[in-house]
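Trainee: Attaching a single structure in C-alpha cells format; questions to follow.
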Protein chains: 2
Amino acid sequence: MTPDPGTALLTDRYELTMVAAALADGTASRRCVFELFARRLPDGRRYGVVAGTGRLLEALERFRFGPEDLELLAGVVDEDTVDWLRDYRFSGDVDGYPEGELYFPGSPILTVSGTFADAVILETLALSIYNHDSAIASAAARMVTAAAGRPLIEMGSRRTHEEAAVACARAAYLAGFGATSNLAARLRHGIPTAGTAAHAWILLHDDERSAFASQVAALGESTTLLVDTFDIRQGIDNAIAAAGTGLGAIRIDSGDLGELARQAREQLDGLGATGTKIVLSGDLDEYAIASLRAEPVDSYGVGTSVVTGSGHPTAGMVYKLVEVDGRPVSKRSTSKESRGGRKAALRRHKPTGTSVEEVVYRADAPPAVGPHDTVLPVPLVRGGKVQAGVDDLEAARDRLRGALVSVPWEGLKLSRGEPAIPTTFLSDQP
Amino acid sequence: MTPDPGTALLTDRYELTMVAAALADGTASRRCVFELFARRLPDGRRYGVVAGTGRLLEALERFRFGPEDLELLAGVVDEDTVDWLRDYRFSGDVDGYPEGELYFPGSPILTVSGTFADAVILETLALSIYNHDSAIASAAARMVTAAAGRPLIEMGSRRTHEEAAVACARAAYLAGFGATSNLAARLRHGIPTAGTAAHAWILLHDDERSAFASQVAALGESTTLLVDTFDIRQGIDNAIAAAGTGLGAIRIDSGDLGELARQAREQLDGLGATGTKIVLSGDLDEYAIASLRAEPVDSYGVGTSVVTGSGHPTAGMVYKLVEVDGRPVSKRSTSKESRGGRKAALRRHKPTGTSVEEVVYRADAPPAVGPHDTVLPVPLVRGGKVQAGVDDLEAARDRLRGALVSVPWEGLKLSRGEPAIPTTFLSDQP
C-alpha cells in the first residue's frame with residue numbers, strides 16, 4: 001500500500017484559474033514570497049506545535065499533474081495553462097520552522113519564494129497538511145505533558161478519515177506518543193504499533209476465560225487482556241488464571257477509570273501479578289489523563305480527543321502573499337490585515353534556557369542575535385530540491401521535547417491562558 | 001491522480017492480531033454479525049445524516065493486502081495469518097441504511113455478516129469512513145437548511161487533511177451544497193467545482209483595477225471578483241469599471257457581512273449591475289448563514305465550519321459484535337452496554353408523510369409494517385459483491401432532500417434539542 005501517486009489535484013480550483021489568468025497577463029513570472037502563519041493560537045492554548053513539514057516535502061515531490069488530471073483540467077483552464085501544468089515542477093525555495101518546533105501568533109512558519117505561479121499553486125496543499133498535522137500535534141503534546149512520563153498509545157484511527165488517521169498517528173508520535181494502533185503509519189512512517197483486543201474478541205468465545213486463554217496462546221503472555229466486558233473483578237481473576245502472573249497487561253476501557261485502576265492494582269498484586277501493567281482507555285483527553293496522575297496507571301490509550309485536536313481540529317493557519325518583486329504587499333480593509341514583507345524570526349531565551357520572547361522581523365533588517373537566541377527558520381527546499389535531513393521524524397520528536405523543556409512553566413499548564421511567550425513584531429516598529 | 005491502490009492497512013493492529021488468534025483457536029470461522037451505529041447524536045443535534053456508504057463500498061473492493069503490506073505484517077502476525085490475509089476477499093453480506101438517509105440514536109446504520117475473521121477486519125476502515133463522512137454531512141445539512149435555498153460552495157479543503165478534504169467535498173455535496181473548490185472531488189466523484197480568486201491575486205498586480213481587468217480577460221465577465229482587499233466601495237466601482245454591468249458576481253470575505261451585502265447591493269444596483277450576484281465567505285457556519293437570511297446575498301462560501309463538522313468533527317459511531325452463530329451477544333459491565341442480536345429498523349410516518357418514530361427491532365421478529373412505514377436497511381453487499389446502484393451519490397443527495405422534508409419542523413431548528421424523532425427499541429420489550 002503506497003500513498004497517492006500524485007498530489008497536485010488536492011487543490012482548490014481558484015489556484016489554477018489564478019495561474020491561468022497570470023500566465024495570460026504576464027504576472028505569472030513575478031517573484032513572489034508567500035508566508036504560512038497563524039494569526040492566533042486556538043482559544044486558550046499556550047503554544048502550537050509545527051507539524052506536517054515532512055509530509056509536505058514528500059507531497060511536493062509528488063506534486064505533478066498526470067494525464068488524467070490534465071484531461072479534467074482542460075475543462076477548467078485554457079490550453080496554454082494545461083501545457084504549463086503538464087511541465088510543472090516546483091523550482092523555488094522554501095524556508096520554515098523545523099518540524100517539532102513551537103510556534104506562536106505570527107510566527108513565519110513557512111516561507112515559499114518563487115514565481116507567482118510556482119508558489120501560489122502550493123497554497124491549498126500546504127495549508128491542508130500544516131493545519132491538520134499541527135492541530136493534532138498541538139493537542140497531543142498537551143496529553144504527553146499531562147501523562148507525565150507514562151506512555152501514550154494513539155488509537156483514534158476509527159474516529160477520523162482513514163487517510164487523516166495515518167497523519168494523526170504521525171503527528172501524535174512526533175508529539176511524544178509511544179505508539180499507534182494504525183498499521184499504515186508503521187509502513188509509511190516507521191512508527192511503532194501496539195494493540196490489545198476488542199470486546200468482540202471476548203464475545204466471540206463461549207466464555208471470557210477461554211477467550212483469554214486463546215489470546216495468550218496465540219500472542220504470548222506479554223499480551224494485554226481486556227477485562228471489562230462482563231465484570232472487571234472476575235475478568236482480572238480470569239486473566240491471571242489464563243495467563244499466569246507473568247501477564248503483560250490488562251486494559252480497562254469504561255467506568256470510573258481512577259477507582260478501577262486502584263482496585264485492579266490491589267487485586268493484581270494480591271494475585272502475585274505485581275509486574276502486570278494497567279492500560280486505561282475510553283474517552284481520555286488531556287484533562288482526564290492529568291486527573292489520573294495519582295493513580296496506579298502504566299499507560300493510556302487515546303482515541304477521539306487526539307485525532308480531533310481536543311476541541312481544535314484545525315490550526316487556522318493562512319498562506320499570504322507578502323512580497324512581489326521585492327515590494328512588501330498586504331491586504332488592508334475591514335479586518336484580517338497581515339504584515340507585508342518577507343519575515344524571519346528568532347526566539348530569545350534566558351541564560352537558563354527558558355524562552356522569553358518570539359521576535360518576528362523583516363528578513364532584510366535582522367536584529368542582533370544574542371548568545372541565547374535561536375534563529376528559527378531553516379532552508380527546507382532550494383531550487384526545488386528538498387534539503388537533506390529536514391524531513392526526519394525522530395529529529396522532530398527530539399526537537400519538540402527540547403522546545404517544551406524551554407517553555408516557561410506557566411506555558412505548560414492545561415488551563416486556558418495567553419501564549420506562553422509574547423510575539424514582538426519588529427517590523428511594526430518605526 | 002487515483003486513490004490509494006490498497007486500503008487494507010488503514011486498519012488497527014488489533015483487528016489482525018484478533019484474526020491471528022481466532023485462526024489459531026478455530027473461532028475465526030464462527031458466523032458473526034457486527035453492527036455499526038451511534039449510541040447518541042452529537043450533543044444538541046436533532047438528526048444525523050448517513051454518509052460514506054459509497055466510499056466504503058469502493059474501499060471494500062480495494063481491501064487487499066499487497067506484497068509490501070504482507071512483508072510488514074510478517075512482523076505482526078504468524079505465517080498462517082499472513083497466508084490467510086494474502087487471499088483475503090470479503091465474501092460476506094452487508095446491509096445498511098442507504099446513503100443520505102437520516103439516522104438517530106441506535107439506528108442500525110450498517111450490518112456486516114460473515115465469519116468472524118471476514119467481518120472484524122473491516123471495523124477500523126468502516127468506522128473511519130462513516131464517522132468522518134457522516135459528521136461532515138450532518139453539519140452540512142444544517143447549513144443547507146439555514147441557507148434556505150441559496151447555493152452553498154464548500155471551500156474548506158485547506159482546513160483539513162488533504163485526503164479528508166476530498167471526502168468533505170463529497171459529503172457536503174451529498175448534503176445539498178452546490179459545488180466545491182476541490183478539484184480532486186471533481187475527478188473522483190464528479191462534483192461541480194467553483195472558485196473565485198484570492199487576495200494574493202489583487203496584491204500581485206500594480207493596482208486592483210488591473211487585477212480585475214486581467215481576471216475578466218482570462219476568465220470572462222461571468223467570473224467572481226474579490227472586492228475586499230483594500231476598500232470595498234472602491235473595489236465594487238473598480239469591479240464594474242473592469243467587467244461592465246454584466247459582471248457575474250462579487251465576493252466579500254471579511255467584515256460585517258450583512259451590512260456589507262446591503263451596501264454592496266445598493267451600490268451595484270446604482271451602477272446598473274442589477275444582475276451581479278453577491279457571494280459571501282469568511283468563517284460562516286449555520287448560525288451565521290441563518291442570520292444573513294434577510295440580506296441580499298446570492299450564495300455562500302463555507303470553509304472551516306463544514307470540514308470540521310461545525311463543532312462535532314466525528315460522529316462517534318461504533319462497530320459492535322451482536323451475534324455469534326445465531327446467538328445474541330453483548331457487553332454488560334460498567335457502561336457502554338449495547339443490545340445483542342441482529343437488528344433492523346423502520347421509520348413510522350403520519351399519513352401526511354411527517355416522520356414520527358424510529359423503530360429498531362430484532363431482525364428475526366419484525367413488527368407489522370404499516371402503509372406509512374419505511375423499512376430502512378437495504379442490501380449493500382451480497383456474498384462480497386456490491387449491489388447495483390447503492391453507491392449512487394446523486395440518488396443519495398435526492399434521498400436526503402426527501403428525508404429532511406419528512407422531519408417534524410422542530411427537528412430542523414438549529415438550536416440544541418432532542419432528536420427530531422424518538423427511537424423505540426422493540427428488542428428491549430418483553
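Trainee: May I ask you to list the residues in the stretch B:372-430 that are touching a Leu at 6+ places or on another chain (Cβ under 8 Å), part of a loop (DSSP other than H, G, I, E, B) and at pLDDT 95 or above? Please lay out each step first, then the result.
Mentor: Keep residues of the stretch B:372-430 that are touching a Leu at 6+ places or on another chain (Cβ under 8 Å), which gives B:373-376, B:380-381, B:386-387, B:390-391, B:393, B:396-397, B:400, B:403-404, B:407, B:412, B:419-420.
Okay, now just the ones that are also part of a loop (DSSP other than H, G, I, E, B), so B:376, B:387, B:390-391, B:407, B:419-420.
Once the filter is applied, which keeps residues that are touching a Leu at 6+ places or on another chain (Cβ under 8 Å), part of a loop (DSSP other than H, G, I, E, B) and at pLDDT 95 or above, the stretch B:372-430 yields B:376, B:387, B:407, B:419, B:420.
Trainee: Having 1 or more residues that are hydroxyl-bearing (Ser, Thr, Tyr) and not assigned by TED's automatic domain parsing to the domain that holds residue A:100 is the bar; report the helices (runs of 4 or more DSSP H) wholly within the stretch A:137-250 that clear it.
Mentor: Numbers: elements: A:162-174, A:183-189, A:199-204, A:208-219, A:232-243.
Helices (runs of 4 or more DSSP H) meeting the threshold: A:162-174, A:208-219.
Trainee: Within the stretch A:22-67, how many residues are in contact with a helix residue (DSSP H, G or I) (Cβ under 7 Å, 6 or more places away or on another chain) and modelled with pLDDT under 95?
Mentor: So the answer is 0.
Trainee: Have a look at A:262, A:170, A:251, A:186 and point out the one that is more than 8 Å from chain B (Cβ to nearest Cβ) and open to solvent by 40 Å² or more (accessible area, probe 1.4 Å).
Mentor: On the way: A:170 fails: open to solvent by 40 Å² or more (accessible area, probe 1.4 Å); A:251 fails: open to solvent by 40 Å² or more (accessible area, probe 1.4 Å); A:186 fails: more than 8 Å from chain B (Cβ to nearest Cβ).
Exactly one of A:262, A:170, A:251, A:186 is more than 8 Å from chain B (Cβ to nearest Cβ) and open to solvent by 40 Å² or more (accessible area, probe 1.4 Å), namely A:262.
Trainee: To continue, here is another question. Which members of the stretch B:92-138 meet the condition of being under 17 Å from the mean Cα position of the chain (by Cα) and over 21 Å from residue B:391 (Cα atoms)?
Mentor: Once the filter is applied, which keeps residues that are under 17 Å from the mean Cα position of the chain (by Cα) and over 21 Å from residue B:391 (Cα atoms), the stretch B:92-138 yields only B:104.
Trainee: Which residue is most open to solvent (accessible area, probe 1.4 Å), if the candidates are limited to the stretch B:232-248 and must be hydrophobic (A, V, I, L, M, F, W, C) and more than 8 Å from chain A (Cβ to nearest Cβ)?
Mentor: Taking the stretch B:232-248 first, the residues hydrophobic (A, V, I, L, M, F, W, C) are B:232, B:236, B:239-243, B:247.
Next, only the ones that are more than 8 Å from chain A (Cβ to nearest Cβ) stay: B:236, B:239-243, B:247.
Numbers: B:236: 1, B:239: 0, B:240: 19, B:241: 54, B:242: 28, B:243: 14, B:247: 2 Å².
Per the stated criteria, the residue is B:241.
Trainee: Whether any residue in the stretch B:334-347 is open to solvent by 10 Å² or more (accessible area, probe 1.4 Å), over 30 Å from residue B:26 (Cβ atoms), touching a helix residue (DSSP H, G or I) at 6+ places or on another chain (Cβ under 8 Å) and outside any strand (DSSP E or B) is what I want to check.
Mentor: yes
Trainee: Could you identify the single residue in A:380, A:404 that is touching an Asp or Glu at 6+ places or on another chain (Cβ under 8 Å) and assigned by TED's automatic domain parsing to the domain that holds residue A:90?
Mentor: A:380
Trainee: Let me ask you something else. Would you check if residue A:150 is at pLDDT 95 or above, under 19 Å from residue A:253 (Cβ atoms) and open to solvent by 10 Å² or more (accessible area, probe 1.4 Å)?
Mentor: Here the answer is yes, as residue A:150 does meet what is asked.
Trainee: Also, I was wondering about something else. I'd like to check which helices (runs of 4 or more DSSP H) are fully inside the stretch A:55-133 and have at least 2 residues that are within 13 Å of chain B (Cβ to nearest Cβ), in contact with a Leu (Cβ under 7 Å, 6 or more places away or on another chain) and farther than 20 Å from residue A:379 by Cα.
Mentor: Details: elements: A:67-73, A:79-86, A:116-120.
It comes to A:67-73, A:79-86.
Trainee: Only residues that are surrounded by fewer than 18 Cβ atoms within 10 Å (Cβ to Cβ) and in contact (Cβ under 8 Å) with a residue 40 or more places away in the chain: list them for the stretch A:189-231, please.
Mentor: A:190
Trainee: Regarding the stretch B:196-206, can at least one residue be identified that is acidic (Asp, Glu) and either within 16 Å of residue B:156 (Cβ to Cβ) or in contact with a Leu (Cβ under 9 Å, 6 or more places away or on another chain) (or both)?
Mentor: No, every residue in the stretch B:196-206 fails to be acidic (Asp, Glu) and either within 16 Å of residue B:156 (Cβ to Cβ) or in contact with a Leu (Cβ under 9 Å, 6 or more places away or on another chain) (or both).
Trainee: Going through the stretch B:275-313 one residue at a time, which ones are within 14 Å of chain A (Cβ to nearest Cβ), open to solvent by less than 20 Å² (accessible area, probe 1.4 Å) and farther than 30 Å from residue B:221 by Cα?
Mentor: B:305, B:307, B:308, B:309 - these are the residues of the stretch B:275-313 that are within 14 Å of chain A (Cβ to nearest Cβ), open to solvent by less than 20 Å² (accessible area, probe 1.4 Å) and farther than 30 Å from residue B:221 by Cα.
The values are calculated or read from the model by the stated rules, or taken from the named source; none is laboratory data. Remember, predicted model here, so these are calculated numbers, not experimental data. Because the Cβ atoms are built from the backbone with ideal geometry, glycine has one as well, and the counts that use them run over all protein chains shown. Heads up: the accessible areas ignore ligands, DNA and RNA and are worked out on the full protein's heavy atoms, side chains in. Shrake-Rupley method; radii C 1.70, N 1.55, O 1.52, S 1.80 Å.
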